[in-house]
1. So Phe184 clears everything in (1) within 30 Å of Gly46 (Cβ to Cβ); (2) in contact with a Leu (Cβ under 7 Å, 6 or more places away or on another chain); (3) of a type outside the set (Ser, Thr, Tyr); (4) at pLDDT 90 or above except one condition, right? Which one?
2. Among the residues of the range 16-51, count how many are more than 18 Å from Glu82 (Cα to Cα) and touching a Phe, Trp or Tyr at 6+ places or on another chain (Cβ under 8 Å).
3. So in the range 215-248, with the set limited to residues that are open to solvent by less than 30 Å² (accessible area, probe 1.4 Å) and more than 18 Å from Ser259 (Cα to Cα), which one is modelled with the lowest pLDDT?
4. Is it the case that the range 193-211 has a residue that's in a loop (DSSP other than H, G, I, E, B), at pLDDT below 90, surrounded by 15 or more Cβ atoms within 10 Å (Cβ to Cβ) and of a type in the set (D, E, K, R)?
5. Looking at the range 15-53 only, could you name the residues that are open to solvent by less than 80 Å² (accessible area, probe 1.4 Å) and among the small types (Gly, Ala, Ser)?
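The values are calculated or read from the model by the stated rules, or taken from the named source; none is laboratory data. Here the structure is a predicted model, which means the values were calculated and not measured. Every residue, glycine as well, gets a Cβ built from its backbone with ideal geometry; the counts of neighbours run over all protein chains shown. To get the accessible areas, we keep the full protein, side chains included, count just its heavy atoms, and leave off ligands, DNA and RNA. Shrake-Rupley method; radii C 1.70, N 1.55, O 1.52, S 1.80 Å.
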Amino acid sequence: MVHTFLIAPITYTPFASEDEQIQQCKEWGLLSEKATKTKLFAYKGGGLNTTCSIVGYADKMTAVLEFDNMQQHCIHPSYLKEMQTASFGVKQTFATDENSGEQEALSSDTAPATAEAVVESAETAAVHAAVAAAEADVVEAEASVEAEAPAVVEPKKKAAKKEKAPKLQLPVEKVRMTATIKEFTTVPNNFTEEEDEVIIYEAASIADPAIEIGDAWSSYSATLKKLELEIGHTLTFECKIVEKKLTKHPVRYKINNPSKLQKL
């Protein structure tokens with residue numbers, strides 16, 4: 001049977017031995033300190049009630065499971081630990097919007113961001129591969145020019161690598177911001193195994209101190225839904241802004257708990 005709800009790892013580190021597997025499971029609290037053997041774990045998410053084994057990790061806070069059909073799935077160890085209890089089944093709740101009292105699926109900065117970590121590492125690897133390929137093309141082109149041109153012709157310079165944009169010094173306290181809605185989308189949350197609704201903004205900026213942010217994102221909370229927003233709408237609001245990358249999107253900064261919202 002194929003499981004359709006899975007968050008398959010893009011890349012992960014398999015355990016080199018059973019001893020390494022046992023030690024990592026102890027660190028995650030999935031085995032007791034006296035355990036000398038590994039075991040199968042109960043999996044009760046996605047409408048299933050089955051068993052699985054832990055075969056490795058995407059990072060130190062993302063376990064990689066394998067089911068009997070050989071499919072693999074990323075999960076937060078704390079969530080898997082909850083599944084081992086007989087009382088498991090109470091739906092996980094998250095922090096509420098501090099001004100509206102409405103639930104906001106992504107407002108907690110302390111919520112696990114394991115899927116983001118997996119994707120971010122994959123995106124980094126892809127960038128490195130692209131840069132390496134570009135450099136190889138430049139070297140090949142230079143070799144061809146040098147072979148055909150007279151010896152006095154100087155070789156072309158290598159293309160300069162594109163520098164990363166420097167990190168912004170973001171204010172700690174609340175600020176007044178303006179931003180335009182660029183996209184509505186959803187991202188996977190491997191702690192709840194559900195899709196979270198988010199908004200991606202463009203031309204985001206802080207009024208005081210004046211800082212150009214560019215692209216940013218926020219949860220699509222119940223408060224925002226009341227405004228009946230559309231792509232292209234420009235908003236002003238008060239919020240806290242932090243550096244927190246959005247899963248599967250190159251958006252670096254997150255808007256937390258926007259309040260005093262106005263459409264321009």
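1. (2)
2. 1
3. Per the stated criteria, the residue is Thr247.
4. yes
5. Within the range 15-53, Ser17, Gly29, Ser32, Ala35, Ala42, Gly45, Gly46, Ser53 qualify.
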